[in-house]
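The next block holds one structure in the form of structure tokens; read it before the comments.
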Amino acid sequence: MLSPTLPPALRARLSPVVRAIAEAEVAEELGRDHLDDVPLLPETASVLEHRLLGMPKHFAAGMVALTLLFDRSTRATDGASFTQLSLAKRRKALARIRALPLGPLKNFTTFYDKMAPFIFWSALEEHHLLHVVLGEGVE
Amino acid sequence: MKRIDCDVLVIGSGPGGAMTACLAAEAGRDVLVLEEGAHHPIDSAPSFSLAEMDQKYRNAGLNVTFGGTSITYLEGRCVGGGSEINAALYHRPLEKTLREWQTQTRIRGFEPEQLWPHFEAVERDCNVNLVPGGNGPACDLLKRGAGSMGWSTREIARFWSYPAEAPQTGLLTGRQSMTVTLIPRAMRAGARLMPNTRVVKLLREGKRVLGAVAETTEGGARHERIELRAKSVFVCAGAVQTPRLLRRAGFTHNVGDTLQLHPMIRITARFKEPFNDLAWGVPTEQVDQFKPGLTLGCSYSSIPHLALWMGAELGDKKQRLRDWRRTGIFYVAAVGTGKGKIRDLPLVGEPFIRLPLTQADLDRLGEGLLRLGQLLFAAGAEELSSPVEGGPGIRSANDLEALCKALPQGKMPVSTIHLFSSAPMGEDEATTATDSFGKLRGVENLYVNDASLFPASPAVNPQGTVLAIARRNVGEFLG
Ligand SMILES: Cc1cc2nc3c(=O)[nH]c(=O)nc-3n(C[C@H](O)[C@H](O)[C@H](O)COP(=O)(O)OP(=O)(O)OC[C@H]3O[C@@H](n4cnc5c(N)ncnc54)[C@H](O)[C@@H]3O)c2cc1C
């Protein structure tokens, strides 16, 4: 597999935003505003970032730009960057974008809405940890 | 630049390339196979897992076409191509389809009676089998639903091997992909295989190709450029990548202008009783009542995949996933009518595909969804997820009817795993890129031998047809 490349400085800016989005997506998936007892969040975020950078180059470039822009966009609405917001506020910020009509920002959330939960559940399955989140009896 | 010589250069090691390499090597030719992806053993990652997507899919499965509706398409990128990651379902196309192809592009030597022996050989050499002793509870559910509607279903054979003494133990592990069948055979006959080697351009001199230039990768990074020289070159890089290579070398006549695919929509359905048992692998029953236009079936429905297709609208996703044993993913696949153009994006070197999802496609998918919904409710479904992003759950076939009459463009996740027809074959020069046996027009020694050659949709899962046609064409080449 070709390892996706991005200048280190840009990557350092991107990673925390992807992590914050991944957490908000998982919180949405589980329908709650805290994730203290939820395993594999760093793994989910890191695979998600890898996926993002592994997309065809033109999509990846667009997604990186939109992700960084999105981080700043909440300054106007919530007074702080997305990464600085509580989980509850992050979920709301994503919901606002989801409610937009078609357009690049909509595609942006579609990627995260689909991929973050898929990666999260896949990671749990792979590590045999589904029962931790879904309860005993789910293997 | 390092230089390597051979008789027959095969670009791509998917079903088309593997068949070409195997028969050419067994006929005593000096064969070199170049494959962009890595060479992984068949059991290097569980099927349909994240690890498998990373190892064996192009861009981990994230490619889309452009048009009114973006269609996500999946391609294998590893030794063995799509055969390493697919559901391995095997069909012969209908005789009617083959005859339509024959007349549509005037293919010589394409009588069904001439083709069936190739299909028989594929079935034998690549171990095509039915599941011994029944194909599992998800298939039973599909049969029950179809039965109450008075519709026919059929168990689809697979490229799969089930140990005679304990067939059930092979349900997850018996895949007969190219790395298990034709590639080892090719190598035993002396073919050389270079994985992690991507052809970047064909070397052309007038009416001949001299070979190709390729880049090897090591540890994920570009390593070196090599020059390959060959007497004959077979491009078998799949329906998207083959036309890109040809066009870059200036071969553009009917190349990359007519890509076709099977658009597919998936929904989830929850039932009262458990039926989803992953130990059975991919459910192999299909509703064939509406073929050739439409195929209905059930997909592998693990928790991550259910989460992907379920959508948030049904509410309390956690509870729904806890119910995974009584929930499944069901699909409608249609014969698409749109034709796509494949071009290289300047500077980035990625493909750009413009392909419309036509009104006829939407109508056909709508009809298929309605039928699928009727079947699922007849089989006892409590609720279906909506095929439309953000749409509410569906609790009766009546709810579905209005939606299916006018499926909205651009608002549904549509995907495809079947792509073809981007360099069609036949004698009709106005519509084809190659002659009746895959030889590119206007060049002496350049051949296409993969899914690109189909004049139109095979209306069934395509790998069997790719293999049979590749076998026929390489036979003609070898004389
Ligand atoms: C997820 C999935 C499920 C599917 N399920 C089924 C099924 O159940 N039944 C069925 O019949 N079909 C199925 N298919 C479709 C089937 O796999 C394809 O029709 C078949 O693999 C096409 O064969 P091909 O030889 O044309 O191309 P491919 O299999 O795509 O092989 C082309 C190969 O060429 C390599 N390549 C591309 N460009 C270059 C380059 N520049 N240099 C070197 N190498 C290159 C690629 O990496 C690839 O390995 C499925 C496909 C997918 C993706």
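The values are calculated or read from the model by the stated rules, or taken from the named source; none is laboratory data. All values derive from a computational prediction rather than experimental measurement. Cβ placement follows ideal geometry from the backbone for every residue including glycine, while neighbour counts extend to all protein chains displayed. Each accessible area value is taken on the protein alone, full model and side chains, heavy atoms only, with ligands, DNA and RNA left out. Shrake-Rupley method; radii C 1.70, N 1.55, O 1.52, S 1.80 Å.
Points to keep in mind about this one:
- Cα-based Kirkwood hydrodynamic radius, the protein assembly as shown, one decimal, Å: 25.1 Å
- Three-way shape label, region B:218-376, alpha-carbon gyration tensor, a/c 1.5: prolate
- The residue list B:G442, A:L41, B:I265 was ranked by how far each Cα lies along the charge dipole of the protein assembly as shown toward its positive end, using unit charges on Cβ atoms, and B:G442 comes out on top.
- Relative to the Cα centre, the charge distribution of the protein assembly as shown, modelled as +1 at Lys and Arg Cβ and -1 at Asp and Glu Cβ, gives a dipole magnitude of about 1540 debye.
- Counting only DSSP H runs of at least 4 residues, each contributing -39500 (n - 2.57), and dividing by the residue count of chain A, the helix-based mean residue ellipticity at 222 nm comes to -24000 deg cm²/dmol.
- Nearest-ten-degree value, helix B:95-104 long axis tilted from longest Cα axis of chain B: 50 degrees
- Using alpha-carbon coordinates, inclination of helix B:112-125 to the longest axis of chain B, degrees: 80 degrees
- Accessible area per residue (1.4 Å probe, heavy atoms of protein chains only) ranks B:I226, B:I417 as B:I417, B:I226, with the largest value leading.
- Mean separation of Cα contacts under 8 Å, 6 or more apart, over the residue count of chain A: relative contact order %: 30 percent
- The lysines whose alpha-carbon is closer than 19 Å to the alpha-carbon of B:K291, local same-chain residues fewer than 8 away aside, are B:K96, B:K143.
- Cleavage-rule hits, trypsin sites (Lys or Arg not before Pro), region B:239-273, DSSP coil, Cβ neighbours within 10 Å at most 13: B:K272
- Accessible surface of A:T74, taken over heavy atoms with a 1.4 Å probe and every protein chain present, rounds to 0 Å².
- Placing unit charges on the Cβ atoms only, positive for Lys and Arg and negative for Asp and Glu, gives chain B a dipole magnitude near 640 debye about its Cα centre.
- Solvent-accessible surface of protein heavy atoms, probed at 1.4 angstrom with all chains present, puts B:E350, B:E476 in the order B:E476, B:E350, largest first.
- Chain B - mean residue ellipticity at 222 nm from DSSP helices (-39,500 (n - 2.57) per run, n ≥ 4, rounded to 500): -8500 deg cm²/dmol
- Hydrodynamic radius (Kirkwood) for region A:8-134, which is based on Cα pairs only, to one decimal in Å: 14.8 Å
- Between A:A9, A:A24, A:F118, the Cα set farthest toward the positive side of the dipole of region A:8-134 (charges on each charged residue's Cβ, about the Cα centre) is that of A:A9.
- Taking the Cα centre of region B:287-355 as reference, the dipole from Cβ charges on Lys and Arg (+1) and Asp and Glu (-1) amounts to some 80 debye.
- Accessible surface of A:K89 - all protein chains present, 1.4 Å probe, nearest 10 Å²: 100 Å²
- Solvent exposure of the protein assembly as shown as accessible area per residue, Å², 1.4 Å probe: 38 Å²
- Anchor B:K231: lysines whose Cα lies under 26 Å away (excluding residues fewer than 8 positions away in-chain): B:K2, B:K201, B:K207, B:K439
- 10 °C / 1.306 mPa s Stokes-Einstein diffusion coefficient of chain B, Kirkwood radius on C-alpha pairs, µm²/s: 70 µm²/s
- Probe 1.4 Å - accessible area at A:H34, Å² to nearest ten: 80 Å²
- For A:K89, the aspartates and glutamates whose Cα comes closer than 13 Å to its Cα, not counting residues fewer than 8 places off in the same chain, are A:E23, A:E25, A:E28, A:D33, A:D71, A:D78.
- With contacts taken as Cα pairs under 8 Å at a separation of at least 6 residues, chain B carries a relative contact order of 24 percent.
- Distance violations [Cα-Cα > 25 Å] among B:K272/B:K411; A:K106/B:K56; A:K92/B:K411; A:K106/B:K317: B:K272/B:K411; A:K106/B:K56
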